[in-house]
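Student: I have a structure here, written as structure tokens, and I will follow up with some questions on it.
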Amino acid sequence: MNTQPFVSVIVPAYNIADYIGPCLTSLLVPEATQCEIIVVDDGSTDATPEVIAGYDDPRLRVIRQANGGLGSARNTGLDAAQGHYILFVDGDDWVEPDLIPQCISHIQRYPDADLFVFDYVDITEHGSEKRICGNDFWGAKSSAWNKLFKQTLIGNDRFDEDIFYEDLAVVRPWVARAAEIQRIDAVLYNYRFARWGSIMNSFDVQRLLDLPLAVNRCVARIESDARQRGMRSPAERLGQEWKTRLYTFEAFIQGVINRGQQLPDRHIRINYVKQFIDRLNEPESVDTEIIQRHHGLLVAVASRCHLIGAHALGDLLLHGLGEIKNGLRSKFGFS
């Protein structure tokens, strides 16, 4: 019986003809043995299928399906995967040539580990920035693509196909479930953070309103896992403030404070924030003291206003004062 570790790399691809080639070239290096590369073409209508067809390699498997979204493509890959371990690589990103060799080496060193995390680089139009990941619930981050998962950790779980932010909804619970997490001390992934037209960078209010739903599902899955393991609370492993931190950092700060400022129209912005908070199962878990420590008193007061339903005042404090100041500067020629 073959007991050697075998890695399945799942690569969703949708209308990324300019990017899928470099991605596959980075994966199909001679050193990347003991692996299969499963490309799921999610109904591409550009030249993506032709680019993929130009690669002839026994490690490469191609599955074509009608467009179903990122979660659907990843689930198709999971259903087809034959590996003991799973890697997710987005088709518009690329990896370092030692990604798979490093993974195999660490699997052999730590055979009991459920999950391995590694560092990555954010690539934007302004440059690049290294991101360090830790081998704990918070340091591992929410993304699927900076991790190597033992297949038994995922089991029969699949990504949600009806919302965006599917990584947050599903990957965080997998990390919380892992009994042993090991860190690979290397930068192994290159993430195109600001590719024009990508899912995460297309500003769409309805997509953003999936963020609170993703956090709700994340929390529910973590709590369900804890009950199934006979734990009184996930806090036994994640700390007393785990839920507060998720609702504050992953939902409110990200969706209301950071993303909300990208909406220039005040009425649309206020309505968006109201809907966002209404979709949170536990808005009372948002901690304005945490917000104050990270963003200052004014933002914390504005956040409290939004949380109690005083949205016009909250918006004035969070955005309106800055807009008034900028308007006066423009009117009177101040720099």
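The values are calculated or read from the model by the stated rules, or taken from the named source; none is laboratory data. On a predicted model such as this, the values are computed, not experimentally measured, just so you know. Please note: Cβ atoms are built from the backbone with ideal geometry, for glycine as well, and neighbour counts cover all protein chains shown. Just the protein is used for accessible areas: all its heavy atoms, side chains included, with ligands, DNA and RNA removed. Shrake-Rupley method; radii C 1.70, N 1.55, O 1.52, S 1.80 Å.
Student: List the equivalent ellipsoid semi-axes of the range 108-154 in whole Å, largest first, each obtained as the square root of 5λ for an eigenvalue λ of the Cα gyration tensor. Present the calculation step by step, with values, prior to reporting the outcome.
Tutor: Numbers: eigenvalues 122, 21, 19 Å².
The equivalent ellipsoid of the range 108-154 has semi-axes of 25, 10, 10 Å.
Student: For a quick check of your reading of the filter: which GluC sites (Glu not before Pro) in the range 81-187 sit in a DSSP loop and have no more than 15 other Cβ atoms within 10 Å? Walk me through the numbers on the way to the answer.
Tutor: Details: sites: Glu125, Glu129, Glu161, Glu166, Glu180; in loops: Glu125, Glu161, Glu180.
Listed in order of number, the matching sites are Glu125, Glu161, Glu180.
Student: Here is a follow-up. Run the count for the chain, please: Lys pairs, Cα-Cα under 18 angstrom, 8 or more apart or on different chains.
Tutor: Values: Lys130/Lys141; Lys130/Lys147; Lys141/Lys150; Lys141/Lys243.
So the count works out to 4.
Student: Next up: With P(r) over Cα pairs in 10 Å bins from 0, in percent as the read-out, I listed (1) 6, 28, 38, 24, 5, 0; (2) 5, 19, 25, 20, 14, 8, 5, 2, 2, 1, 0, 0; (3) 5, 23, 31, 24, 12, 4, 1, 0; which label goes with the value calculated from this structure?
Tutor: (3)
Student: Something else now. Regarding the range 38-87, what are the three Cα extents along the principal axes, ordered largest first, in Å?
Tutor: Taking max minus min along each principal axis of the Cα atoms, the range 38-87 gives 33, 26, 13 Å.
Student: Roughly how many percent of the accessible protein surface of the chain is carbon and sulfur, given a 1.4 Å probe and a whole-percent answer? It would help to have the intermediate numbers written out before the result.
Tutor: On the way: 7760 of 15740 Å².
So the carbon and sulfur contribution to the accessible surface is 49 percent.
Student: When ranked by the protection proxy of mean other Cβ atoms within 10 Å per residue, highest first, what sequence do the peptides 310-317, 54-61, 249-256 form? Mind dumping the intermediate values first?
Tutor: Numbers: 310-317: 18.2, 54-61: 12.5, 249-256: 22.8.
Final packing ranking: 249-256, 310-317, 54-61.
Student: Specify whether the C-alpha gyration tensor of the range 248-324 places it in the rounded, prolate or oblate class, a ≥ b ≥ c being the square roots of the eigenvalues: rounded for a/c under 1.5, otherwise prolate if a/b is larger than b/c and oblate if not. Write down the numbers at each step before the final one.
Tutor: Details: a/c = 1.59, a/b = 1.17, b/c = 1.36.
Note, shape of the range 248-324 comes out oblate.
Student: With angles folded into 0 to 90 degrees, how steeply does helix 166-177 sit against the dominant principal axis of the chain? Use alpha carbons for both and round to 10.
Tutor: 70
Student: For the range 27-74 and the range 210-283, compute the distance between their C-alpha centroids and round to whole Å.
Tutor: 33
Student: So, one more: Ranking request for peptides 94-101, 169-176: highest mean number of other beta-carbon atoms within 10 Å first, then the rest in descending order. Each step should come with its number before you reach the end.
Tutor: Numbers: 94-101: 20.2, 169-176: 22.9.
Put in order of decreasing packing, that is 169-176, 94-101.
Student: How would you rank 281-287, 298-304, highest first, on the average number of other Cβ atoms within 10 Å across their residues? Display every interim value, and only then the final one.
Tutor: Numbers: 281-287: 16.3, 298-304: 19.3.
Result, highest mean Cβ count within 10 Å first: 298-304, 281-287.
Student: Counting only DSSP beta bridges with both residues in the range 89-202, tell me the antiparallel percent, nearest 5.
Tutor: So the antiparallel bridges in the range 89-202 amount to around 55 percent.
Student: Out of all DSSP beta bridges with both ends in the chain, state the antiparallel percent to the nearest 5.
Tutor: Values: 13 of 39 bridges.
Here the antiparallel bridges make up roughly 35 percent for the chain.
Student: Taking all protein chains together and a probe of 1.4 Å, list Asp92, Asp157 from the most accessible to the least accessible.
Tutor: Numbers: Asp92 20, Asp157 55 Å².
Ranked from most to least accessible, the order is Asp157, Asp92.
Student: Name the residue, out of Pro111, Pro22, Pro234, whose mean-square fluctuation peaks in a Gaussian network model built on the chain with Cα pairs under 10 Å.
Tutor: Its mean-square fluctuation being the largest, the pick is Pro111.
Student: Write down the accessible area per residue of the chain in Å², having rolled a 1.4 Å probe over the full set of protein chains.
Tutor: I get 47 Å² per residue for the chain.
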